[in-house]
Amino acid sequence: MCRGLIGKKLGMSGIFSPDGKYVPVTVLQVGPCAVTQVKSKETDGYSALQLGYQEKKDKHSNKPEKGHFEKSGGKNFRFLKEFKVEKPEDFEAGQIISLDIFNVGDIVSVTGTSKGRGFAGVIKRHGFGGGRKTHGSRSHRIPGSIGCSAWPAKVFKGKKLPGHYGVDKVSVKNLEIIDIRPEDNVILVRGAVPGSKEGLIQINKI
C-alpha cells in the first residue's frame, strides 16, 4: 500500500467540530498522482514508487523526460517524488493513486518548503533578545561581541549569526486529518503546514 501522495497547500481556514469547538485547519489539495516508475530491490536496490503530480504540456519536457514518461502512459508531470512501499509488485506504471488511501482521523506528516525571509538578523532568525533600549545604548538588534581572546583567536563554526533564513525543507509530524472531500481532492488537517499558498507539499501516513 502506498502511504503518501503529492499535493499543494491552498491556505488556512477553520471549521467547527460537532461539539462546537473551533478547529484551525490547513487546506491541502492532494493528488491524484500517477505511478511513473516502480522500483524494486532486484533492479534498484530498494522498493519504492515514483509518483508524478500536475500534468504539463509536452513542449515543456525534454527528450529524456519524454522517454521516461512514455513508460507510464505518455503524460508529462511537473513534480516527481518517491514513496517507499513494501510490495512494489502490487503496482504498475500508469496507475492512478488518489486520496482514498487516507481516512478521517489518520495521523500524518506533511513536508514542505518554508517561506523565504531573505537575509535576516539574529533576532528574527534565532530569537535573540536584543540589547538595551535606553540609557544611550546603540546595540538594539545586533548580535554583540563574537570574538575570542588571544586563544583560540577565531570564531567557532556554527555560531548563530545573521544570514539567509527560510526556504528549508520542513516536516511537521502528528497532524490529524479532520475532513476529506474527495470530489475536490481536498484534505483538511488540524494545525499549520510549512510553506506558502500554492506551495508543493508531500503528505505521508505515520
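The values are calculated or read from the model by the stated rules, or taken from the named source; none is laboratory data. Remember, it's a predicted structure, so these values are computed and weren't measured experimentally. Quick reminder, even Gly has a Cβ in these numbers, built from the backbone with ideal geometry, and neighbours come from all protein chains shown.
Miscellaneous remarks
- When residue 115 is tested against (1) farther than 30 Å from residue 31 by Cα; (2) charged (D, E, K, R); (3) in a loop (DSSP other than H, G, I, E, B), just one condition goes unmet, and that condition is (1).
- Hey, residue 93 surrounded by 12 or more Cβ atoms within 10 Å (Cβ to Cβ), farther than 22 Å from residue 186 by Cα, under 19 Å from the mean Cα position of the chain (by Cα) and without any contact (Cβ under 8 Å) to a residue 60 or more places away in the chain or not: no
- Of all residues in segment 99-112 being surrounded by fewer than 17 Cβ atoms within 10 Å (Cβ to Cβ) and closer than 21 Å to residue 169 by Cα, the one that is farthest from the chain's Cα centre (by Cα): 107
Okay, residues lined up against (1) aliphatic (A, V, I, L, M); (2) part of a loop (DSSP other than H, G, I, E, B); (3) touching a Lys or Arg at 6+ places or on another chain (Cβ under 7 Å):
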site	(1), (2), (3)
35	yes, no, no
65	no, no, no
68	no, no, no
80	yes, no, no
105	no, yes, no
109	no, no, yes
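- Within segment 164-177, residues that are farther than 16 Å from residue 9 by Cβ have Cβ atoms under 8 Å from residues that are β-branched (Val, Ile, Thr) and not in a strand (DSSP E or B) in these pairs: 173/206; 174/206, counting only partners at least 6 apart in sequence or on another chain.
- Test for residue 205: is it of a type in the set (Lys, Arg) and either within 27 Å of residue 26 (Cβ to Cβ) or in contact with a Phe, Trp or Tyr (Cβ under 7 Å, 6 or more places away or on another chain) (or both): yes
- Unique residue being over 17 Å from residue 85 (Cα atoms), among the basic types (Lys, Arg), under 25 Å from the mean Cα position of the chain (by Cα) and modelled with pLDDT of 85 or more when the list is 63, 56: 56
- Leading residue by the ranking (surrounded by the fewest Cβ atoms within 10 Å (Cβ to Cβ)) among those in segment 51-85 that are over 23 Å from residue 198 (Cβ atoms) and either polar (S, T, N, Q) or in contact (Cβ under 8 Å) with a residue 60 or more places away in the chain (or both): 62
- Within segment 82-103, the set of residues being of a type in the set (D, E, K, R) and part of a strand (DSSP E or B) comprises 82, 84.
- Checking each residue in segment 3-50 for being under 17 Å from residue 104 (Cα atoms) and surrounded by 15 or more Cβ atoms within 10 Å (Cβ to Cβ) picks out 3, 4, 5, 23, 25, 26, 27, 28, 29, 30, 31.
- Only one of 187, 206 that is within 14 Å of residue 5 (Cα to Cα) and exposed (fewer than 14 other Cβ atoms within 10 Å of the Cβ): 206
- Checking the stated criteria, residue 193 turns out not to satisfy the condition of being crowded, with 16+ Cβ neighbours inside 10 Å, touching a residue at least 60 places away in the same chain (Cβ under 8 Å) and part of a strand (DSSP E or B).
- Among the residues listed as 166, 147, the single one being surrounded by fewer than 13 Cβ atoms within 10 Å (Cβ to Cβ) and in a loop (DSSP other than H, G, I, E, B): 147
- Residues that are hydrophobic (A, V, I, L, M, F, W, C) and part of a loop (DSSP other than H, G, I, E, B), drawn from segment 196-206: 206
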